Structure formats: structure tokens, C-alpha cells
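Take a look at the structure set out below.
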Protein chains: 2
Amino acid sequence: MKTIINPPYSDWEKYAKRPAFPAEDLEEKVASVLEKVRLEGDSALKNFTLAFDKVNVENIKVSSSEIEIACAEVSTELKDAIAIAVNNIKVFHESQQINEAIVETISGVECWRKSVAIEKVGLYIPGGSAPLFSTILMLGIPAKIAGCKKIILCTPPDENGKINPAILFTATFLGIEEIYKVGGAQAIGAMAFGTETVPKVDKIFGPGNQYVTKAKELVQKTGIAIDLPAGPSEVLVIADSSADADFVAADLLSQTEHGADSQVVLLSNSAELMEEVKVSLNNQLQLLPRASVAEKALENSFFVLLNTINECVDFSNLYAPEHLILAIDNAELFAGKIKNAGSVFLGNYSCESAGDYASGTNHTLPTNGYAKSYSGVSLDSFVKKITFQKITKKGIQNIGKTIEIMAEAEQLLAHKNAVSIRLKKLQDEK
Amino acid sequence: MKTIINPPYSDWEKYAKRPAFPAEDLEEKVASVLEKVRLEGDSALKNFTLAFDKVNVENIKVSSSEIEIACAEVSTELKDAIAIAVNNIKVFHESQQINEAIVETISGVECWRKSVAIEKVGLYIPGGSAPLFSTILMLGIPAKIAGCKKIILCTPPDENGKINPAILFTATFLGIEEIYKVGGAQAIGAMAFGTETVPKVDKIFGPGNQYVTKAKELVQKTGIAIDLPAGPSEVLVIADSSADADFVAADLLSQTEHGADSQVVLLSNSAELMEEVKVSLNNQLQLLPRASVAEKALENSFFVLLNTINECVDFSNLYAPEHLILAIDNAELFAGKIKNAGSVFLGNYSCESAGDYASGTNHTLPTNGYAKSYSGVSLDSFVKKITFQKITKKGIQNIGKTIEIMAEAEQLLAHKNAVSIRLKKLQDEK
């Protein structure tokens, strides 16, 4: 863990850059997986599942009896917790439903927007040791609120050909019934092109490893929308002397357990607090089962001591963190100065894991500095906003001349004529 | 112009596909332009401008005296027309400003979203014979309303090294003062990487030829956001016997003059109307200065006769047109059934060119079927929606247990610990 003391502003950009983990031949490998899926459909999916997940899957689609058995296996305690999280996430995402008014921009010209659900969406949920069922909540709940007609889910099977019961329960709880046992780049290909079993979708959501991420980037070129460009998870904490060092250390550590490529950053105007956090970090680290992963992530991470909290905010805006915790006095005042961040947590009791699971906000957020120009997933991600306009005879008479002049100046005379022909007809009607 | 009569549903998908215009080596060529710009900055820009635009540009940035002279050259008539258009576009895009409420998802847990402007945006405006100053309105007005701090504009110079006066006037009228004489893929590279003269931006907007489009796709991989994936412009008209055949023909033709790769489609339940439109189309075509371009575009285009307007709407939803004109009785009723479209025009007097220039809606829209999952440009395109949350001691006590259970089930124990450590402290406080 590096500590940087009052770096000159000219160095900030350098520190705000994320560490790079280039992967050899990644694009080539992923492109070949996608091409095979496009050409060979289900049989390619089965072959890749055998090769990568080490299991022979006969039925790609999860059966209703598999779902029934899985739901019975999930503890009541976990079911109850999921129900509470669902409620909070639903309340917050439902508040994002907005009916926009019809606007008469000039007499006789009415314009409006309407949110219309994306018809077919595909959710990708990674497998591996930890079943990320919370991501199903973050994608499935807004998809349901938006009214997406087809919501499918792909997730890789374990070596026994099974899906973690918590994943099957959570999907079913939300009313997502089309679940496919396929992971990796091949799952992205299946949802992008469609196979005999897996339907083609219009937009693909969800996190994944570098293969999944690259596959999403590549299928985007073929017209499939994706939620966000992805990178390793990260948190930036701004803390002053009012912060609780144990809490700060715990929040930093919670982000390191995602993977060795995660990055955590602490900015502070208090050298004392920084020292306390370091001590607490080392103490808490020893107790973690994933300590070795966390230790690796800490190697990419750093602390910066700056003169003021305002400077910390400026640095954070340059860094554009996925998660930003303001463990400072007057957090709400400084929140108004945040220009670039995915999700912001105010005060000592707003820990990032609350937003990851149950407070109501979405946890699918822009990483890697993308928060400068991308929003996290929200209800907006599952709809298109279609514009409508209705122009009356009076309306075209009001703006017709304007359009004619502009179209002519752009040398688009057929555009001009579409107006002229209408104005003439109205003239003749008189 | 092909006419298809009552095609079976199984053929619809085939007709809804856009014609492909593959370009050899496009990606390779564009990637090499981008790389040169990244490495050599301004000198690469000047070299490419000499090679492609046939002019030696000494100062890439347009000077204030150039702007002054240009503004004096624009006619008062055009200035007045632009002012009316600006007003309508402003009214509609200002109506998209929404302050979302703070939501208490559970007692002690407050969540909200805030729209924050993307700091630096770059607008690309194509050059060539027709100066597309209207696109400056469509991008510059929402950028200004959003409050983007830096708005720059790149557009290629003509062979005398000049920018069309209407472009300079329009930009200046909106308060956009940083204008650079550079076009093509090199302009996209300049805005993506920054050069000595052109600043790096966070998001790039604007239309362009295949080189510009490919360059936008490629820089997206480096973390620069773009407005939309682009394709040739298109219109789909649904017309019944109540439509005016001359208007329909004029609307179809207005879209064909954009380029030989544009596509126009007419769907109708009336064979008679279709015949009338064909006759009118041929008559109007003769009068157009760009008739040869229009004729080529008509070769990619087709008419489909279907049984009912409902079938026409279903076909249109499959096609997902950029522009959709409903020249039918009860247009408003059918508007509710539109699932996929960029912008919809209702009734006989809502011509597409109104939306292109002056009604208030945006004309930067998803083409090529992207309307299934993408929205057109709006105020939303110039902001990020950042989520915030504030959790009180009471709040973490309310949802702490839920988070602990879920984090443990996902085997993310550091996430769990960030909550446990807070709950314990509150316990100890008692």
C-alpha cells in the first residue's frame, strides 16, 4: 500500500489512471468463441461448456423441477433477506418512473417523450465459487418494472451441471423463468445471435470476467446494446478526522475481496486518521478468508494525503470512482461538489455493502473512470425514450417557413419540399 | 422500388434487415489514422487535413475574427429562422430537466439520483457541400442546458481552409466558441486523445461518414463515450387511404437525399394509395437537384402492402425505424402501439423535416434497427445520473442483518464485516 503525501497537481492525472492488466490474444480468442456460437448454436454452447466448465450439459435450459428443488434448498433466513432487499430496490427504481408532459413548443406543434420497454433483455450472472444472486436483483427488478416482455438469464453450471440454488430462487422470486446453463463468452454469443434454445435479445446486462467483458464489447458492434463497459470494481473513500478508522478500513477491504485487480483509494486531510486506518486494515485483513486476494488488490491501491477536503473532492472528480464514500463532516455539503462518480455514500453509517445489496440503489456502476460519462444501471437502462410529435395545419403554417429556409441553406431541397407541398395545399384550400 | 404484397410473417425479418455496405479494410485504415493522431497530435491532424481535405491549415483553431466575418455573411433571414428553431428545441429539451425526489426506501435509508453534466463534450459536424448547422442545434442546445463545462466542435475545412459561415454562426449563437478545423477519423482521434490544440473530451457526439463512424466505435474501446452507433438515415411511413399521396411521396423523397445508402419504406393497407404515391414520387423526383442520389436510395427501398394498419405497426416494430410517420386515421391511437422507433410523426401535417429542423425534438436518432434498444439524443445524453445514499444509525440497524445474510451467502465476508463492525459499535454504544 503506497502512501502519497501532497502530490503536485500535475501528478494527479497519473495517479487517477487505473492499473492495466493487458491480456494476450483476448480479442482473437473471444471472437472465435462468438463465431462458433453464431454458426453452430447449441452444439457450440455444449462443447464450450464441456471445455471450460468441465461438464456435459444435456439440457441447456433449466427445468421447472430443477427450480423447484433449488427453491426448497434455500434457507428461510436468506429468502427473507432477499425479500427485504427486493422491496427496497423496487421502491427506489419505481421512483424512477416518470411520465413526461406534452410540450407545445410553438402553437400547433406538440412534442413529447414516452418510455417504452426494451422488448428482450438478457442478464448474465457469473458463476464460480460465489453465487452473485444480488446482481439478479439489480438487473431483474428494473427490467420487470420497465415491462420488458422477455427477460432471460444465463449463468454457467458447476461441475455437476447445477446452478447455485440462491440464483435459481432469486430469479424465480422475480418471475424470471427462462434460465440457461451457459457462461462465459459463449453465453454472450448465445444471447446476441440466438441459438436453437437460447433466444436472441436486444440488450445484454451483467458483470463478468475479461472474456465476458470482451464478448459484450464485440457483440455491441453487431447492434446488440450492452449495459456498460466494464472494469475491475473499485472504491474511493474520502475521510477526515471525524471518520471511524475501523469503518473506513472495513469499507476498503470489502472492495478488495472482489479480485486481485480491484483498486481501493483513501484520500484524507488527516495523517493521523490515515495511520489509524492502516493499523485497522492490517488487523482486519488477518481475519478474512479471502486475505490473499485482498492483499493483491491492496498492492494496486494507494492512500493520498491532501491539504483539504476540497482537494480530496477535486482528486476524486478526476479519478471518477465507481463507489465514493464521504466519511466526513458535512458530507451533504460536499456531495454537491461531486462531478464524477457511480454511487456516493454519505456519512459513517452509509457503507458500500448497503448499496451492494439492500439499500435500494443499483450496484451495476461505471468503473475504470467511465463515471465521467456513464451512469450506472437504472430503470432508464431498460427503456428507450421515443419522441413523438403532432403538428396541426396551424402548426406547420407557424414553423413551415423556418424549416424551408433552414433546409435550403443545408441544400436539402427534398426536405424543404416536404414542407412546401403542405403549405401550398393549405394555401389552395383557402 | 420493390413492392411486396402481403408477405408471410416468416419473411418479415428478412425485409426488416437493412442493406449492408461492407467496406474493405475500413477498421485497419481508421485505426492507423487514430494511432497517428494519438502519437503525433497536431502535426498528424495537419497532415491528414492536407491529404484528405486538400488544404494546408496553419491554425487548427478557428479565430475570433474568422467567426466575426462569418457571422456577418449569414443572411438575416437564416439567422431569424435559426433563432426560432433554437427556441423550440430549447423549450422541448428544457422540459427534460427533472429533479428527482429523495426516497426513503426503509426507515433511516435515503436514496436519490442527481443529474450531473458530463464535463467535456465534443461535437462533430460533417463538412462537404451541405453545411449541417442544424446538427449543432441538436447537440449544442442540450449540452448547454445540461451545463457541460467544455463544449468543443470539430468540422472539416473546405479547400480554402474555411468553415461554412452558417456553421460558425450557429455555434457562436449557442455560445460554443472552441471550434477546430479538422474532420474525419482524425477529428474523432483528436477529441478522444487530445492534441496540443484540441482538448480531450469525455464524450463524442455527431454524425459522419463511415470513417467517422468507425473511429467513434474504436475510440469507445479506450473509454470515450459516444452518442449512438450510427448507420444510414431512414424513414418508414405507414399510410392508409386517408393519407395525402403527395405528402407521403415528399416525405419518402426527403430521406433519400441524405445518401445513396439511405432507405425508405412505405407500409400501407391500401393498394390504391400505394399506386398514387408511386406516381407522385416519380413526378417529384424529376424536380430534385439531388435526383441521382435519391434514385440510388430508392433502389434499396421498398413498399409493403399488408392487410391492416395493425399489421403495418407490427412490421414497423420489427423494422425499428429511425423516423416513423403515421399518416393514418387515428394516428394517436396507433402511437400507443409503437414499441421500436427513434422519433414518431403523427398525422398528415407532421412531416419529418419539421423534426429535423425546428419542431423541438432531436434529430440525432438510432438508425439501423438500433431503435430496439437505444434512445435518440436528449438532455439525458449530456448528463450522468449519480446515485446518492445516506444511512443513519437507525437505518443500518434496520437493514444491517439483511446485508449480512446476503453477503455471507455470496461468500463476500469483508462486505459482511463492513456492516457487522458498525452494528457492533452501535451495540457497544448502548
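The values are calculated or read from the model by the stated rules, or taken from the named source; none is laboratory data. Note that the structure is predicted; figures quoted are calculated from it, not measured. As a convention, Cβ positions derive from the backbone with ideal geometry for all residues, glycine included, and neighbour counts pool all protein chains shown.
One table, with the values for the structure above:
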| quantity | calculated |
| --- | --- |
| Any pair with Cβ under 9 angstrom, 6 or more apart, that starts in the range A:173-195 at a residue that is on the phi > 0 side of the Ramachandran plot and surrounded by fewer than 24 Cβ atoms within 10 Å (Cβ to Cβ) and ends at one that is modelled with pLDDT of 95 or more and among the hydrophobic types (A, V, I, L, M, F, W, C) | A:Gly175/A:Ile151; A:Gly194/A:Val201 |
| Residue in the range A:133-152 that is farthest from A:Val212 (Cα to Cα), counting only those that are touching an Asp or Glu at 6+ places or on another chain (Cβ under 7 Å) and assigned to a strand (DSSP E or B) | A:Lys150 |
| Test: residue in the range B:2-19 that is buried (at least 16 other Cβ atoms within 10 Å of the Cβ) and either on the phi > 0 side of the Ramachandran plot or without any contact (Cβ under 8 Å) to a residue 12 or more places away in the chain (or both) | no |
| B:Ala358 vs. criteria buried (at least 22 other Cβ atoms within 10 Å of the Cβ), on the phi > 0 side of the Ramachandran plot and not charged (D, E, K, R) | no |
| Test: residue in the range A:52-61 that is within 23 Å of A:Asn164 (Cβ to Cβ) and of a type in the set (Asp, Glu) | yes |
| Checking A:Pro199 against (1) closer than 19 Å to A:Asn59 by Cβ; (2) within 19 Å of the chain's Cα centre (by Cα); (3) modelled with pLDDT of 95 or more; (4) not in a strand (DSSP E or B), the condition it does not meet | (2) |
| Matching strands (runs of 3 or more DSSP E) fully within the range A:50-132 where at least 1 residues are surrounded by fewer than 19 Cβ atoms within 10 Å (Cβ to Cβ) and touching a residue at least 40 places away in the same chain (Cβ under 8 Å) | A:109-117 |
| Count of residues meeting criterion [facing chain A (nearest Cβ under 7 Å), in contact with a strand residue (DSSP E or B) (Cβ under 6 Å, 6 or more places away or on another chain), surrounded by fewer than 24 Cβ atoms within 10 Å (Cβ to Cβ) and over 30 Å from A:Lys120 (Cα atoms)] in the range B:367-416 | 2 |
| Filter pass, B:Ser280 being polar (S, T, N, Q), free of Cβ contacts under 8 Å to residues at least 60 places away in the same chain, farther than 14 Å from B:Leu236 by Cα and buried (at least 20 other Cβ atoms within 10 Å of the Cβ) | yes |
| Residue match in the range A:127-136 (condition: under 30 Å from B:His363 (Cα atoms) and in contact with a strand residue (DSSP E or B) (Cβ under 7 Å, 6 or more places away or on another chain)) | no |
| Test result for A:Leu168, surrounded by 24 or more Cβ atoms within 10 Å (Cβ to Cβ) and part of a strand (DSSP E or B) | no |
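Yes/no matrix, rows are residues, columns are (1) of a type in the set (D, E, K, R); (2) over 19 Å from B:Ser375 (Cα atoms):
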| residue | (1), (2) |
| --- | --- |
| B:Lys296 | yes, yes |
| B:Glu299 | yes, yes |
| B:Phe303 | no, yes |
| B:Leu324 | no, no |
| B:Tyr349 | no, yes |
